[in-house]
Amino acid sequence: MRPERKFLRQCISCKKYKNKEELIRITKNKDTGEVNINNSLLFQGRSVYICKNNECIASAIKKKKIENSLKSNLPENIKEELSTVLKK
């Protein structure tokens, strides 16, 4: 019997590998081009992962790492949702 494998993803800001459950997934829908925070894995398309800590989120927004990785502009509502994570 094979042991259960844990799939690791890399944070685009700090470049550390973590479990998917420990990261925020931001996805650009391949059909509509809409950008969403997607923790439920419902959308398919280009995705980036980012840690749930203040330093990684602030750095990724400031240096436009999310926008560059998704090859799309980041809508203001997504920035606001991420900034609410910063305040917690």
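Taking first residues from segment 24-38 that are open to solvent by less than 50 Å² (accessible area, probe 1.4 Å) and partners that are outside any strand (DSSP E or B) and of a type in the set (Phe, Trp, Tyr), the Cβ contacts under 8 Å between residues at least 6 apart in sequence or on separate chains come to Thr27/Phe43; Asn29/Phe43; Asn36/Phe43. Kindly check whether there is at least one residue in segment 34-51 that is over 12 Å from the mean Cα position of the chain (by Cα) and among the hydrophobic types (A, V, I, L, M, F, W, C). Yes, segment 34-51 contains at least one residue that is over 12 Å from the mean Cα position of the chain (by Cα) and among the hydrophobic types (A, V, I, L, M, F, W, C).
The values are calculated or read from the model by the stated rules, or taken from the named source; none is laboratory data. Here the structure is a predicted model, which is why all the values come from computation and not from measurement. Methodologically, a virtual Cβ is constructed for each residue, glycine included, from the backbone with ideal geometry; neighbour enumeration extends over all protein chains shown. Protein only, heavy atoms only, side chains kept; ligands, DNA and RNA dropped before computing areas. Shrake-Rupley method; radii C 1.70, N 1.55, O 1.52, S 1.80 Å.
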